[in-house]
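**Student:** Structure incoming, see below.
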Amino acid sequence: GLDSMRRAQPHLDWSAGGVSRAQLAALRGRVAAMGGRRCLLLCHHPLRHPPGFARRQRPRRADLALEVMGRLGIEAVLSGHLHVAARIAGRPEQVIAPTALSPRRLGVPGGWVLLELDGGALRATAREATEAGYAGKLLG
């Protein structure tokens with residue numbers, strides 16, 4: 001995982017988080033130690049935002065982090081923070097999980113994301129709460 005939480009930011013959206021150069025250096029070593037296995041990374045703040053969130057500040061050094069992760073072969077960054085389910089293409093791609101238990105966004109059902117690696121491409125399915133239980137919606 002990558003701890004993107006920050007106490008303060010040099011802009012108005014202090015909740016945007018950030019990634020330090022030291023974290024990226026440490027990430028290089030951790031990925032190298034994996035010996036070529038597939039790699040998904042957890043990070044609270046999404047490094048890419050889905051449509052409708054263009055005005056939200058992205059984490060500090062998000063572009064640098066994505067560039068490093070792409071070079072390292074990280075397949076996907078799994079995040080939350082925005083409280084919506086989304087999948088954004090790129091290298092690495094971004095998968096965002098919705099709110100699981102807290103009603104943080106009006107009109108958006110709670111849920112979670114099921115990730116499946118069947119030897120091929122990553123499959124991400126949002127499981128959204130309904131009155132009848134959880135309903136699946138393939139992302140991307």
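**Student:** When you go through (1) open to solvent by 40 Å² or more (accessible area, probe 1.4 Å); (2) charged (D, E, K, R); (3) touching a residue at least 12 places away in the same chain (Cβ under 8 Å) one by one for residue 30, which number turns out not to apply?
**Tutor:** Among (1) open to solvent by 40 Å² or more (accessible area, probe 1.4 Å); (2) charged (D, E, K, R); (3) touching a residue at least 12 places away in the same chain (Cβ under 8 Å), residue 30 violates only (3).
**Student:** Now for a separate question. Condition first: outside any strand (DSSP E or B) and open to solvent by less than 50 Å² (accessible area, probe 1.4 Å). Now tell me which residues in the stretch 110-140 satisfy that.
**Tutor:** 110, 120
**Student:** Identify all residues within the stretch 60-82 that are open to solvent by less than 30 Å² (accessible area, probe 1.4 Å) and either under 26 Å from residue 34 (Cα atoms) or touching a residue at least 60 places away in the same chain (Cβ under 8 Å) (or both); write none if there are none.
**Tutor:** Initially, the stretch 60-82 is screened for residues open to solvent by less than 30 Å² (accessible area, probe 1.4 Å), giving 62, 65-66, 68-70, 74, 76-80, 82.
Residues satisfying the conditions are 62, 65, 66, 68, 69, 70, 74, 76, 77, 78, 79, 80.
**Student:** In addition: How many residues are free of Cβ contacts under 8 Å to residues at least 40 places away in the same chain, closer than 19 Å to residue 99 by Cβ and either in contact with a Ser or Thr (Cβ under 7 Å, 6 or more places away or on another chain) or surrounded by 13 or more Cβ atoms within 10 Å (Cβ to Cβ) (or both) when one looks only at the stretch 35-59?
**Tutor:** Counting residues in the stretch 35-59 that are free of Cβ contacts under 8 Å to residues at least 40 places away in the same chain, closer than 19 Å to residue 99 by Cβ and either in contact with a Ser or Thr (Cβ under 7 Å, 6 or more places away or on another chain) or surrounded by 13 or more Cβ atoms within 10 Å (Cβ to Cβ) (or both) gives 2.
**Student:** Can you tell me which residue is modelled with the highest pLDDT among those in the stretch 1-39 that are among the basic types (Lys, Arg) and closer than 17 Å to residue 59 by Cα?
**Tutor:** Of all residues in the stretch 1-39, those among the basic types (Lys, Arg) come to 6-7, 21, 28, 30, 37-38.
If we keep only those that are closer than 17 Å to residue 59 by Cα too, we end up with 6-7, 21.
On the way: 6: 74, 7: 67, 21: 95.
Among those residues, the one meeting the criterion is 21.
**Student:** Residue by residue through the stretch 40-93, note down the ones that are under 17 Å from residue 112 (Cα atoms) and outside any loop (DSSP other than H, G, I, E, B).
**Tutor:** 40, 41, 42, 43, 76, 77, 78, 79, 86, 87, 88
The values are calculated or read from the model by the stated rules, or taken from the named source; none is laboratory data. None of the values given here were measured: they were computed from a predicted structure. For neighbour counting, all protein chains shown are included, and Cβ atoms are generated from backbone atoms with ideal geometry for every residue, glycine included. Accessible surface areas use protein heavy atoms only, side chains included; no ligands, DNA or RNA. Shrake-Rupley method; radii C 1.70, N 1.55, O 1.52, S 1.80 Å.
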